[in-house]
Amino acid sequence: MPTAGKLIGAIAFAALAYFISDLVKPLLEPTEGTRVGALSRVNGFIGLLVGWVIMGKGAGKTYRQAFGYGLTALAATTFWCIVFWSGYKMVLRSMDMRYDGAMHALQGMAQLAIDFTKLISVQEIVIPAIVGALFVSWLTEFFARRWS
């Protein structure tokens, strides 16, 4: 059932994921040499889904719980974005016949996920992500209390 908390949580986490993705782009371009045109949009969509499901579900209780749901939603958004992009890159590499079989491709995907995690585990990404998640969770809780 749609609620104000789910709507605000979805929109706010989509915006947060989009913003953090824009912070990640300069880190990706020199090392990966890839085009990052859809990165922000795809990650924003993942943030929208996670914000609806996780943050929206926890909205309307207490601010302490909202902060917990916000950090959980941040972790889930990060996880699913890394899984999506490492899977996407694995598929591109497998079309170039870089892998010997399915297990080798899955190992390559796991290695890509580890590499992407190391890439974004820097202060310039982690601190704005945590502060943004706390702000977004506060905002979601504020509007969930007012409109529910």
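The values are calculated or read from the model by the stated rules, or taken from the named source; none is laboratory data. Remember, it's a predicted structure, so these values are computed and weren't measured experimentally. Glycine also receives a Cβ, built like all others from the backbone with ideal geometry; neighbour counts cover every protein chain displayed.
Values for this structure:
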item: Evaluation of residue 32 against (1) modelled with pLDDT under 90; (2) crowded, with 23+ Cβ neighbours inside 10 Å (one fails), failing number; result: (2)
item: Unique match (being aromatic (Phe, Trp, Tyr), without any contact (Cβ under 8 Å) to a residue 60 or more places away in the chain and surrounded by 15 or more Cβ atoms within 10 Å (Cβ to Cβ)) among 13, 79, 45; result: 45
item: Condition met for residue 1 (modelled with pLDDT under 95, surrounded by 16 or more Cβ atoms within 10 Å (Cβ to Cβ) and either of a type outside the set (Val, Ile, Thr) or in contact with a strand residue (DSSP E or B) (Cβ under 8 Å, 6 or more places away or on another chain) (or both)); result: no
item: Residue check for residue 71: at pLDDT 90 or above and either surrounded by 20 or more Cβ atoms within 10 Å (Cβ to Cβ) or more than 16 Å from the chain's Cα centre (by Cα) (or both); result: no
item: Among the candidates 51, 58, residue that is under 14 Å from the mean Cα position of the chain (by Cα), of a type outside the set (Phe, Trp, Tyr) and over 21 Å from residue 119 (Cβ atoms); result: 51
item: Failed criterion for residue 116 (all others in (1) touching a Cys at 6+ places or on another chain (Cβ under 9 Å); (2) assigned to a loop (DSSP other than H, G, I, E, B) hold); result: (2)
item: Residue in the stretch 78-96 that is more than 12 Å from the chain's Cα centre (by Cα) and within 15 Å of residue 132 (Cβ to Cβ) present; result: no
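Quick grid of which residues meet (1) under 21 Å from residue 24 (Cα atoms); (2) of a type in the set (Asp, Glu); (3) surrounded by 14 or more Cβ atoms within 10 Å (Cβ to Cβ); (4) touching a residue at least 60 places away in the same chain (Cβ under 8 Å):
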| residue | (1), (2), (3), (4) |
| --- | --- |
| 85 | yes, no, yes, no |
| 113 | yes, no, yes, no |
| 120 | yes, no, yes, yes |
| 127 | yes, no, no, no |
| 130 | yes, no, no, no |
| 136 | yes, no, yes, yes |
| 140 | no, no, yes, yes |
| 147 | no, no, no, yes |
